[in-house]
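*Asks:* This structure is in structure tokens; I'll ask about it shortly.
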Amino acid sequence: MKKILLIATGGTIASKKTENGLRPAISAEELLRFVPEIKYVCDIDAIQLFDLDSTNITPDHWLMMKDTIKNNYEKYDGFVISHGTDTMAYSAAALSYLIQHSPKPIVLTGSQKSIYNRDTDARKNLYHAFQYAVSDGACGVHIVFNNHVILGTRARKVRSKSFNAFSSIDYPETAVFRDDHLIRYLNVKENGPVRFYDKLDPHVFVLRLVPGMGADVLKALRSQFHAIVIEGFGVGGLPGGKDGELLKEVMAWLEHGRLVVFSTQVQHEGSDLSVYEVGRIARELPGVLEARDMTPEAVVTKLMWVLAQGKDAEDACDWFRTPIMHDILQ
Ligand code: ASP
């Protein structure tokens, strides 16, 4: 039997009702007791890494998850992380950059309802996460949720209440479960050797443009952040034209060696600054990056990973543009 390590981190899946609202309070061991049939799937050890609503998760927690996997990598055939759904896509993307070329699977799962609830999705999701973790060929970082197996760099939470909370954005799902039967669509390959990265730079800001926004905000942010993601409209562009204040501020960011990424507020199909005049004025600036079809979670966490490598701006841009785990299509 394969040996899997469960790393429990909290979330709704492990929550109990309190007079102040739902709060994680169910231990890793207890979670497993709710799904006794898992013991026929694999041998399991469990670690309670922390017990948080995932709203409270920070880049330091991603590094803790990475360290736990790194320190136990040789002892186990795979890893299941139980996690809150709200920031699960961030954690999955961050782990995809912190742990690269892993021939062993790292599977995140959670639920929209506590495992205590009679009508919960938690038991099925947890069971499927282990089933996927022991399946032949499973590798790299994935989210398993509501029958879907989604690449860590492609997952987004798209519903706040329903069980089908996660989608694979602009990329096929790796696999699906039909009645506990795994049907694989993609042959995701990671042949190793696994590579762990130990640092992230959290100084990344996401600025969502709204019509009429001035440039002051960009100026104010420059001293505090090392990269900015400017979420524009449609395929992307910058308001104000060639002589506009926003463009001048973007140029100032670049001159100070900061990274600037243009992305879109639109969920599907990504950015393309080459289409419109308003996009080309931004695209022509040397060193500007484009998110294209990357998810916002992948953009942010990839920037944190790239910045932490201590590269100059040109090398950092090359690293950002290099696809990792199918995060960006060339
Ligand atoms: N607030 C919860 C969390 O992210 C939501 C959930 O797990 O579904 O921890």
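*Asks:* In whole percent, and with a 1.4 Å probe on the protein chains, what portion of the accessible area of the chain is carbon and sulfur?
*Replies:* Solvent-exposed carbon and sulfur of the chain make up 48 percent of the total.
*Asks:* Which distance in Å, rounded to a whole number, links the C-alpha centroids of segment 125-139 and segment 214-258?
*Replies:* Each part reduced to its Cα centre gives a spacing of 43 Å.
*Asks:* Using the Cα centre of segment 21-69 as origin and beta-carbon charges of +1 (Lys, Arg) and -1 (Asp, Glu), tell me which of 48, 59, 24 is placed farthest towards the positive end of the dipole.
*Replies:* Towards the positive end, the residue furthest out is 24.
*Asks:* Which shape class, rounded, prolate or oblate, goes with segment 219-300 when its Cα gyration tensor gives a ≥ b ≥ c as root eigenvalues, a/c under 1.5 marks rounded, and past that a/b bigger than b/c marks prolate?
*Replies:* oblate
*Asks:* GNM on the chain, C-alpha springs below 10 Å: top fluctuator among 186, 200, 126?
*Replies:* 186
*Asks:* Between beta-carbons, use under 11 Å as the cut-off and find the net charge around residue 163, counting Lys and Arg +1, Asp and Glu -1.
*Replies:* Net charge around residue 163: +2.
*Asks:* Using only the alpha carbons, work out the radius of gyration and Dmax of segment 125-221 in angstrom.
*Replies:* My reading of the Cα-based Rg and Dmax gives 18.3, 54 Å.
*Asks:* Choose one of 229, 263, 194: the residue whose Cα lies farthest towards the positive end of the charge dipole of segment 189-265 (beta-carbon charges +1 Lys, Arg; -1 Asp, Glu; about the Cα centre).
*Replies:* Checking the options against the dipole of segment 189-265, the answer is 194.
*Asks:* Cα gyration tensor of segment 1-149, axes a ≥ b ≥ c as square roots of the eigenvalues: rounded (a/c below 1.5), prolate (a/b > b/c) or oblate?
*Replies:* Here segment 1-149 falls in the oblate category.
*Asks:* Follow-up. Grab the DSSP H runs of the chain that are 4 residues or longer, score each as -39,500 (n - 2.57), total them, divide by all residues and round the 222 nm result to the nearest 500 deg cm²/dmol.
*Replies:* Only helices count here, giving -8000 deg cm²/dmol.
*Asks:* Among bridges DSSP assigns within segment 1-119, what percent are antiparallel (round to 5)?
*Replies:* 10
*Asks:* Could you tell me which of the pairs 70/311; 199/302; 219/248; 39/70; 242/302; 75/113 are separated by over 20 angstrom between their Cα atoms in the structure shown?
*Replies:* Check vs 20 Å cut-off fails for 70/311; 39/70; 242/302; 75/113.
*Asks:* Hey, what's segment 103-209 come to in accessible area per residue, 1.4 Å probe, Å²?
*Replies:* Counting only protein heavy atoms, the per-residue value for segment 103-209 is 44 Å².
*Asks:* Using mean Cβ contacts within 10 Å as the protection proxy, how do 129-138, 116-125 order, highest first?
*Replies:* Averaged packing, sorted descending, gives the order 129-138, 116-125.
*Asks:* Using a ≥ b ≥ c from the Cα gyration tensor of the chain (square roots of the eigenvalues), is it rounded, prolate or oblate, where a/c under 1.5 gives rounded and otherwise the larger of a/b and b/c decides, a/b for prolate?
*Replies:* Prolate shape, in that a/c is at least 1.5 and a/b is the bigger ratio.
*Asks:* How much of the DSSP bridge set in the chain is antiparallel, in percent, rounded to the nearest 5?
*Replies:* Looking only at bridges with both residues in the chain, the antiparallel portion is about 35 percent.
*Asks:* If you take every residue apart from residue 134 with its C-beta less than 9 Å away from the C-beta of residue 134, what net charge results, scoring Lys and Arg +1 and Asp and Glu -1?
*Replies:* -1
*Asks:* Next question. By how many degrees, 0 to 90 and rounded to 10, does the Cα axis of helix 245-255 deviate from the longest principal axis of the chain?
*Replies:* 70
*Asks:* Quick one: helix 296-307 against the long Cα principal axis of the chain, what's the angle to the nearest 10°, folded into 0 to 90?
*Replies:* Its long axis makes an angle of about 80 degrees.
*Asks:* Rank these residues by their accessible area, most exposed first, probe 1.4 Å: 91, 27.
*Replies:* Listed by decreasing accessible area, they come as 27, 91.
*Asks:* Could I ask something else about it? Compute the helix-to-body angle for 59-72: its Cα long axis versus the longest principal axis of the chain, expressed 0 to 90° and rounded to tens.
*Replies:* Rounded to the nearest ten degrees, it is 50.
The values are calculated or read from the model by the stated rules, or taken from the named source; none is laboratory data. What you are looking at is a predicted structure, and each value in this text was computed from that prediction instead of being measured. Every residue, glycine as well, gets a Cβ built from its backbone with ideal geometry; the counts of neighbours run over all protein chains shown. Accessible surface is based on the protein model in full, side chains and every heavy atom, while ligands, DNA and RNA are left aside. Shrake-Rupley method; radii C 1.70, N 1.55, O 1.52, S 1.80 Å.
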